[in-house]
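**Q** Quick one: the structure is below, questions incoming.
The values are calculated or read from the model by the stated rules, or taken from the named source; none is laboratory data. Everything quoted here is computed from the prediction, not taken from an experiment. Here the Cβ positions follow ideal geometry from the backbone for every residue, glycine too, while neighbour counts run over all protein chains shown.
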Amino acid sequence: MQEAPVFEKICQNYLERVAARNWSDKADLLCIRVDGKTVEIDFFNTPFTITPTAIADSSGTPPNYAVSVVLCQYLLRCPTAVSRSDELVTYNDFKDAGPHVTGFMNAAEVPISQYFTGRAAELEERCRRLGGKPFSTVASYQFTCELPALPRVPIYFFFNDSDEEFAASCNLLFQKNASQFLEMECIAMVGNILAKWLKRYREQPEPMGLAYWDQCS
């Protein structure tokens, strides 16, 4: 699906801003790979390359607008230092998240819980393919994992399938310092992308290609 011209202009503006900066001294801070004007970032276990003119995955396929914006924002909001914190928070706990809270829930947590009701084993496999690793917690959940959304912005995934009393539930948590790397709208976009990718992986587990990105727009 072709992006609207306005989105193309916005992405081009992001690329120009990215190209205007030297990322070599930020490679360790952001956990990215830099080769001259080329930057490589892992997003949900998929490497993306950003050049002054384009963004593409390892097959040369450009991602959709949402993925492009998230990747560029991750670079452009790079802090001078990282405030490390193991404290996990909900999206609602972030300052300035208010206008996007309902959208985040309806575009990320609710679709995942509804789509994978009765399919917890399949959900676990989809998370694993997106780079998910087991995550221990004292809370009682049927399935938990840590997903590498971006190198410095993991998502902590908590899922309980439905039973006789309760519907399935999905909770996505973040490290408290995630707002250092992404603005609130972009964090919400990450949740929405995750929901779409998990559902798409279940329907078609083949390697990603142009049709994949089109259907995740």
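**Q** Can you tell me how many residues within the range 33-47 are in contact (Cβ under 8 Å) with a residue 12 or more places away in the chain and over 24 Å from Gly191 (Cα atoms)?
**A** Adding up the residues that qualify gives 2.
**Q** List the residue pairs whose Cβ atoms are under 7 Å apart, where the first residue sits in the range 48-75 and is basic (Lys, Arg), the second is part of a loop (DSSP other than H, G, I, E, B) and surrounded by fewer than 19 Cβ atoms within 10 Å (Cβ to Cβ), and the two are 6 or more positions apart or on different chains.
**A** Pairs found: none.
**Q** Here is a further query. Only residues in the range 6-32 that are closer than 12 Å to Ala54 by Cβ and assigned by TED's automatic domain parsing to the domain that holds Ile50 count as the first member; pair them with residues that are of a type in the set (Gly, Ala, Ser) and in a loop (DSSP other than H, G, I, E, B), Cβ under 9 angstrom, at least 6 apart or cross-chain, and list the lot.
**A** Partner pairs satisfying both residue conditions: Leu15/Ala54.
**Q** Would you tally the residues in the range 140-151 being assigned to a loop (DSSP other than H, G, I, E, B) and modelled with pLDDT under 95?
**A** 3
**Q** Mind counting the residues in the range 115-128 that are in contact with a strand residue (DSSP E or B) (Cβ under 9 Å, 6 or more places away or on another chain) and touching a residue at least 40 places away in the same chain (Cβ under 8 Å)?
**A** 4
**Q** Could you look through the range 50-102, keep only residues that are out of contact with any Leu (no Cβ under 6 Å at 6 or more places or on another chain) and among the aromatic types (Phe, Trp, Tyr), and pick out the one that is modelled with the lowest pLDDT?
**A** Across the range 50-102, the extreme among qualifying residues is Tyr65.
**Q** Oh, and also: Would you check which residues across the range 103-139 are in a helix (DSSP H, G or I), modelled with pLDDT under 95 and loosely packed, with under 13 Cβ neighbours inside 10 Å and list them?
**A** Passing the criteria: only Ala121.
**Q** Of all the residues that make up the range 25-57, how many are assigned to a loop (DSSP other than H, G, I, E, B) and under 18 Å from the mean Cα position of the chain (by Cα)?
**A** 4
**Q** Say whether the condition of being part of a helix (DSSP H, G or I) and either not assigned by TED's automatic domain parsing to the domain that holds Leu29 or not hydroxyl-bearing (Ser, Thr, Tyr) (or both) is met by at least one residue in the range 77-90.
**A** no
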